[in-house]
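A short worksheet on the structure shown next.
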Amino acid sequence: MTSKIVLLAFLVSAVPTFAADGEAVFKARCVRCHGDDGKGKTKAAPPDLTDPKVQASLTDQEIINTITNGRKGTLMVGWKGKLSAEEISAVAAYVRSLGRSAKGGQ
């Protein structure tokens with residue numbers, strides 16, 4: 001029982017760090033098109049990642065797939081081979097957190 005509690009505490013405490021790492025990768029690789037705040041107000045015209053409708057329309061797996069393989073018919077390139085699976089997952093978690101931040105700020 002104690003080991004389960006310790007594991008749960010570790011996982012809960014790791015979530016913000018995981019998202020923070022995703023933020024660092026996002027800031028280094030994604031802001032050019034998605035903007036510093038994820039709202040996508042650039043010439044590339046990506047979706048507003050803070051929009052609750054956009055967030056609701058995407059599963060976590062779709063976000064990971066888009067980061068990994070890009071999106072046909074758009075300027076979104078795939079990051080497979082350029083980012084590790086861990087970095088892709090961290091960016092996906094950060095993208096998801098952008099929706100929670102916008103929701104909390106309303």
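Structure summary
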{"item": "Test: residue in region 49-70 that is of a type outside the set (Ser, Thr, Tyr), touching a residue at least 12 places away in the same chain (Cβ under 8 Å) and in contact with a Cys (Cβ under 6 Å, 6 or more places away or on another chain)", "result": "no"}
{"item": "Filter result (assigned to a loop (DSSP other than H, G, I, E, B) and hydroxyl-bearing (Ser, Thr, Tyr)) within region 78-106", "result": "Ser84"}
{"item": "Positions within region 36-55 being within 15 Å of Gly99 (Cβ to Cβ) and assigned to a loop (DSSP other than H, G, I, E, B), in sequence order", "result": "Asp37, Gly38, Lys39, Gly40, Pro46, Pro47, Asp48, Leu49, Thr50, Asp51"}
{"item": "Qualifying positions in region 21-42 - basic (Lys, Arg), over 22 Å from Lys53 (Cβ atoms) and modelled with pLDDT under 95", "result": "Arg32"}
{"item": "Cβ pairs under 6 Å, 6+ apart, first in region 31-48 and touching a residue at least 60 places away in the same chain (Cβ under 8 Å), second among the aliphatic types (A, V, I, L, M) and not in a loop (DSSP other than H, G, I, E, B)", "result": "Gly38/Leu98"}
{"item": "Top-ranked residue in region 56-77 [being in a loop (DSSP other than H, G, I, E, B) and either among the charged types (D, E, K, R) or in contact with a strand residue (DSSP E or B) (Cβ under 7 Å, 6 or more places away or on another chain) (or both); ranked as surrounded by the fewest Cβ atoms within 10 Å (Cβ to Cβ)]", "result": "Lys72"}
{"item": "Boolean, Asp21 is charged (D, E, K, R) and touching a helix residue (DSSP H, G or I) at 6+ places or on another chain (Cβ under 6 Å)", "result": "yes"}
{"item": "Test: residue in region 69-85 that is at pLDDT 95 or above and closer than 21 Å to Arg100 by Cβ", "result": "no"}
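The values are calculated or read from the model by the stated rules, or taken from the named source; none is laboratory data. Only a predicted model underlies this, so the values are computations on that prediction, with no experimental measurement involved. Don't worry about glycine lacking a Cβ; one is built from the backbone with ideal geometry, like all the others, and counts go over all protein chains shown.
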